[in-house]
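The values are calculated or read from the model by the stated rules, or taken from the named source; none is laboratory data. For clarity, every value in this text was computed on a predicted model and none was experimentally measured. Here the Cβ positions follow ideal geometry from the backbone for every residue, glycine too, while neighbour counts run over all protein chains shown.
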Amino acid sequence: MSEPILKVENLNRYFGALHATRNVSFEIMEGEVRAIIGPNGAGKSTLMDLITNRTVPSSGKVLFRGDDITGLSPDKIVHKGMTKCFQISKLFTSLTVYENVQIARIEMNKKTFSLFPVHDRYLKEEVKRYLSLVGLESKMNEVAAYLSYGDQRRLDIAIALAMDPKLLILDEPAAGVAREEAYTLMQLIRKLAEERNMTIIFIEHDMDIVFNYADVISVLRDGELIASGTPEEIKENQYVQEAYLGGGES
Ligand SMILES: Nc1ncnc2c1ncn2[C@@H]1O[C@H](COP(=O)(O)OP(=O)(O)OP(=O)(O)O)[C@@H](O)[C@H]1O
């Protein structure tokens, strides 16, 4: 961890009269695993949509790897190295596991090396490599629709990895999977982050996952960033204690 890979400066977003993101500023260091927490409607998804420019900010800036990416198309942002998983599943459920990653990789290669088409054999090796990173190589010929939900999430991660992200944004990685599987997925995500020096931002409601797997936690309330710190620091935060840890109960 050295340089900030992402800087968010005074981001605001209004939906009519609703101030959904209030002057949010923060930095994320390269290689960091950052959790974003906050109650329903706090503005977590809106903030991620502003960072990936799926929602245009009312004011403020997003800097990624030193470049101002505010207003850049989501597609161009992916090619700069920022990918988001899980919000809208990109899986083609009637295709195989292999084909799903192959399509993502062909798309990525097309835009990156348009003058030099990638050789079939090389592409096959690449796809297998992404599948082995998430433990799905042995299931590569299975149809995506028939995978377990946990394996579909792994496939979603493999597709995201095929975009070669420097920053991977995950929307509730633990949602909808059994506790064991949630921990396994988070261990996988952390391992990938460490091995590939990838930065992770994840939105999560499950505090066990958040406190076990984040390096830094940011807390949103009513669109405002009210605290950022290590799990130990955030555990001491009065609002977090009251809202999440039962500290406010009499
Ligand atoms: N497109 C939109 N139009 C109008 N209001 C919106 C829109 N998107 C979000 N909002 C509002 O902005 C506020 C923040 O919503 P957001 O979905 O970002 O919260 P969240 O923290 O992600 O919530 P959750 O945990 O329930 O997903 C909410 O009051 C929501 O109703």
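Consider region 2-43. How many of its residues are more than 16 Å from V219 (Cα to Cα) and among the hydrophobic types (A, V, I, L, M, F, W, C)?
Counting residues in region 2-43 that are more than 16 Å from V219 (Cα to Cα) and among the hydrophobic types (A, V, I, L, M, F, W, C) gives 6.
Here are some residues: S94, S59, S45. Which one is in contact (Cβ under 8 Å) with a residue 60 or more places away in the chain and hydroxyl-bearing (S, T, Y)?
Just one listed residue meets the conditions, S45.
Does region 12-41 hold any residues that are over 19 Å from the mean Cα position of the chain (by Cα) and crowded, with 21+ Cβ neighbours inside 10 Å, and which are they?
Initially, region 12-41 is screened for residues over 19 Å from the mean Cα position of the chain (by Cα), giving 12-20, 22-23.
Correct list: R13, A20.
Based on what the data block shows, is L47 assigned by TED's automatic domain parsing to the domain that holds N10, touching a Ser or Thr at 6+ places or on another chain (Cβ under 6 Å), under 16 Å from I201 (Cα atoms) and of a type outside the set (D, E, K, R)?
Numbers: assigned by TED's automatic domain parsing to the domain that holds N10: yes; touching a Ser or Thr at 6+ places or on another chain (Cβ under 6 Å): yes; under 16 Å from I201 (Cα atoms): yes; of a type outside the set (D, E, K, R): yes.
Yes.
Report yes if E125 is touching a Leu at 6+ places or on another chain (Cβ under 7 Å) and free of Cβ contacts under 8 Å to residues at least 12 places away in the same chain, otherwise no.
Against the criterion (touching a Leu at 6+ places or on another chain (Cβ under 7 Å) and free of Cβ contacts under 8 Å to residues at least 12 places away in the same chain), E125 does not qualify.
If you take the residues in region 190-202 that are surrounded by 23 or more Cβ atoms within 10 Å (Cβ to Cβ) and under 16 Å from P231 (Cβ atoms), which one is farthest from the ligand (Cβ to nearest atom)?
I200
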